[in-house]
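Engineer: This is the structure I want to talk about, given as structure tokens.
The values are calculated or read from the model by the stated rules, or taken from the named source; none is laboratory data. Remember, it's a predicted structure, so these values are computed and weren't measured experimentally. Neighbour counts run over all protein chains shown; Cβ positions are idealised from the backbone, glycine included. When the accessible area is computed, the model is the full protein with side chains, heavy atoms only, and any ligands, DNA or RNA have been set aside. Shrake-Rupley method; radii C 1.70, N 1.55, O 1.52, S 1.80 Å.
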Amino acid sequence: LEDSMEINICSIEGFQIGNAQDIKAATGCTTIIATDGATAGVATYGGAPASRETELLRSEKMVQKIHAVMLCGGSAYGLDAASGAMRYLEENNIGFGVGKGVVPIVSAASIFDLNVGSFDVRPNADMGYDACVDSQNQKLKQGNYGAGTGASVGKYLGEAQSMKSGLGFYAQDFDGVKVGAIVVLNALGDIYSAESGKQIAGLLRKDKNEFLNTQKEMLKNITSCKNVFENKNNEQKPDVNATTNTTIACIITNALVTKPEANRIAALSHDAYARCIRPVHTAFDGDTIFALASNKVSADAEIVAIAAGKVLEKAIENAVFNAEPSYGLRAYCDMR
């Protein structure tokens, strides 16, 4: 891993990545297209996922390749963006051959961003189609773009004390084996640098000039939910709508892997979430990671999984570092 080289994530063979967004409404979507199909896996450890076509990614299911992953805003409504990807893929004859035509297999997962911008504007089929068209340019932007447009973190005490995050990506070349990660960072918890251990985003004090520690704030309320919501101790209450979260990601690689190995890569990549997000995998998050392999280069799948975790850590940091203050939320650049 030490001899690896940072690369443009769009240079990984077999994939096109694109964004579409509605900046005013604070929502968007990001598509990862596997032009020749990709071996795929998924792992969901959060308690409140919004997803589509994840069951068929189980190792024992028939489908061996899928054709796109759509990362969306808009909560469950935003999953409609996958229909636009299906339309684009069918027009380009990309899909599962069924005689008279093709059926594209598009998996998807959504974050909850409806409270940041316009509740009644969500990614739809047209936006999903536009993200696919954008993927032809291979000029991916991170921060307040795509599915990260309305993303935020540190929401235990409500949106007012949360911070803006966004879309992040990062990729490396490990002696010809390329591994990249795209993440939409929208966690209940705080965000830490895996390398330094330093908090870089999350829950803010009321004056918004310093960080609070979400885990410590939660532990204050461990004894009685009734006391928390009735506020008998005269302390700041947690946000009863703190279900507005979920971090979603997609690992992409040119490595040759089997379907069970793709599922294992997705599962082990959650270690990066655990190193960078605290707390993680709560009942209020739908934390999900996809893994896609274009099967171009032989590689040890277990080591690919380790590499996936490392690039995902960097992608999470980039989702923080590239976010811009917006929608009344402070960003990393405001805290330095």
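Engineer: Looking at the structure I just gave you, is S162 of a type outside the set (A, V, I, L, M, F, W, C), over 20 Å from I17 (Cα atoms) and open to solvent by 40 Å² or more (accessible area, probe 1.4 Å)?
Structural biologist: On the way: of a type outside the set (A, V, I, L, M, F, W, C): yes; over 20 Å from I17 (Cα atoms): yes; open to solvent by 40 Å² or more (accessible area, probe 1.4 Å): no.
Criteria not met by S162.
Engineer: Give the number of residues within the range 86-108 that are out of contact with any Phe, Trp or Tyr (no Cβ under 7 Å at 6 or more places or on another chain), farther than 19 Å from K61 by Cα and open to solvent by less than 50 Å² (accessible area, probe 1.4 Å).
Structural biologist: Adding up the residues that qualify gives 3.
Engineer: Right, here's the next one. Looking only at the range 1-37, filter to residues that are acidic (D, E) and touching a helix residue (DSSP H, G or I) at 6+ places or on another chain (Cβ under 9 Å); which one of those is farthest from Y129 (Cα to Cα)? First the steps, then the outcome.
Structural biologist: Residues of the range 1-37 acidic (D, E): 2-3, 6, 13, 22, 36.
So of that shortlist, the ones also touching a helix residue (DSSP H, G or I) at 6+ places or on another chain (Cβ under 9 Å) come out as 6, 22.
On the way: E6: 30, D22: 14 Å.
Residue satisfying both the conditions and the ranking: E6.
Engineer: Separate question: May I ask you to list pairs of residues, at least six apart or on different chains, whose Cβ atoms are under 7 Å apart, with the first in the range 93-114 being in a loop (DSSP other than H, G, I, E, B) and the second being of a type in the set (F, W, Y) and open to solvent by 10 Å² or more (accessible area, probe 1.4 Å)?
Structural biologist: If the second residue must be of a type in the set (F, W, Y) and open to solvent by 10 Å² or more (accessible area, probe 1.4 Å), the pairs left are I105/F96.
Engineer: Report, by residue number, each residue of the range 236-284 that is surrounded by fewer than 24 Cβ atoms within 10 Å (Cβ to Cβ), at pLDDT 95 or above and more than 18 Å from A34 (Cα to Cα).
Structural biologist: P260, R264, A267, L268, H270, D271, A274, R275, R278
Engineer: Then there's this: Among the numbered criteria (1) open to solvent by 10 Å² or more (accessible area, probe 1.4 Å); (2) over 18 Å from G176 (Cα atoms), which single criterion is violated by L312?
Structural biologist: Tallying (1) open to solvent by 10 Å² or more (accessible area, probe 1.4 Å); (2) over 18 Å from G176 (Cα atoms), L312 fails exactly one: (1).
Engineer: Mind listing whichever residues of the range 118-128 are more than 19 Å from the chain's Cα centre (by Cα) and not in a loop (DSSP other than H, G, I, E, B)? Steps first, answer last, please.
Structural biologist: Just the residues of the range 118-128 that are more than 19 Å from the chain's Cα centre (by Cα), to begin with: 118-121, 125-126.
Once the filter is applied, which keeps residues that are more than 19 Å from the chain's Cα centre (by Cα) and not in a loop (DSSP other than H, G, I, E, B), the range 118-128 yields A125, D126.
Engineer: Among what's in the range 285-309 and is buried (at least 17 other Cβ atoms within 10 Å of the Cβ) and of a type in the set (S, T, Y), pick the residue that is farthest from G154 (Cα to Cα).
Structural biologist: If we take residues in the range 285-309 being buried (at least 17 other Cβ atoms within 10 Å of the Cβ) and of a type in the set (S, T, Y), then S294 is farthest from G154 (Cα to Cα).
Engineer: Within the range 6-33, work out how many residues are β-branched (V, I, T), over 14 Å from G73 (Cα atoms) and more than 17 Å from the chain's Cα centre (by Cα).
Structural biologist: As a first pass, look at the range 6-33 and keep what is β-branched (V, I, T): 7, 9, 12, 17, 23, 27, 30-33.
Filter again for over 14 Å from G73 (Cα atoms), leaving 7, 9, 12, 17, 32-33.
Cutting the leftovers down to more than 17 Å from the chain's Cα centre (by Cα) gives us 7, 12.
Here the count works out to 2.
Each row is one residue, and each column tells you yes or no for (1) surrounded by 15 or more Cβ atoms within 10 Å (Cβ to Cβ); (2) among the small types (G, A, S); (3) farther than 14 Å from G146 by Cα.
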| residue | (1), (2), (3) |
| --- | --- |
| E6 | no, no, yes |
| G18 | yes, yes, no |
| A38 | yes, yes, yes |
| T44 | yes, no, yes |
| R52 | yes, no, yes |
| L71 | yes, no, no |
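Engineer: Residue under question is D207, and the condition is that it be open to solvent by 40 Å² or more (accessible area, probe 1.4 Å), within 18 Å of G328 (Cα to Cα) and not in a strand (DSSP E or B); does it hold?
Structural biologist: Working: open to solvent by 40 Å² or more (accessible area, probe 1.4 Å): yes; within 18 Å of G328 (Cα to Cα): yes; not in a strand (DSSP E or B): yes.
Yes.
Engineer: In the range 191-204, how many are in contact with a helix residue (DSSP H, G or I) (Cβ under 8 Å, 6 or more places away or on another chain) and not in a strand (DSSP E or B)? So that I can check it myself, show each step before the final result.
Structural biologist: Quick first cut of the range 191-204, residues in contact with a helix residue (DSSP H, G or I) (Cβ under 8 Å, 6 or more places away or on another chain) only: 191-195, 200-204.
In the following step, the residues that additionally are not in a strand (DSSP E or B) were identified as 193-195, 202-203.
Count: 5.
Engineer: Test each condition in (1) within 28 Å of E261 (Cα to Cα); (2) of a type outside the set (V, I, T); (3) within 21 Å of the chain's Cα centre (by Cα); (4) not in a loop (DSSP other than H, G, I, E, B) for Q138 and report the one that comes out false.
Structural biologist: Going through the list (1) within 28 Å of E261 (Cα to Cα); (2) of a type outside the set (V, I, T); (3) within 21 Å of the chain's Cα centre (by Cα); (4) not in a loop (DSSP other than H, G, I, E, B), Q138 breaks only (4).
Engineer: Okay, moving on. Check whether at least one residue in the range 119-137 is buried (at least 24 other Cβ atoms within 10 Å of the Cβ), touching a Phe, Trp or Tyr at 6+ places or on another chain (Cβ under 8 Å) and either closer than 30 Å to L219 by Cα or among the polar types (S, T, N, Q) (or both), and report yes or no.
Structural biologist: No: the range 119-137 contains no residue that is buried (at least 24 other Cβ atoms within 10 Å of the Cβ), touching a Phe, Trp or Tyr at 6+ places or on another chain (Cβ under 8 Å) and either closer than 30 Å to L219 by Cα or among the polar types (S, T, N, Q) (or both).
Engineer: So is V116 closer than 22 Å to K155 by Cα and surrounded by 16 or more Cβ atoms within 10 Å (Cβ to Cβ) or not? Walk me through how you get there before you give the answer.
Structural biologist: Working: closer than 22 Å to K155 by Cα: yes; surrounded by 16 or more Cβ atoms within 10 Å (Cβ to Cβ): yes.
Judged against the criteria, V116 is a match.
Engineer: While we're looking at this one, here's another question. Out of A299, A305, report the one residue that is outside any helix (DSSP H, G or I), over 23 Å from G150 (Cα atoms) and among the hydrophobic types (A, V, I, L, M, F, W, C).
Structural biologist: Numbers: A305 fails: outside any helix (DSSP H, G or I).
None of the others qualify; the one that does is A299.
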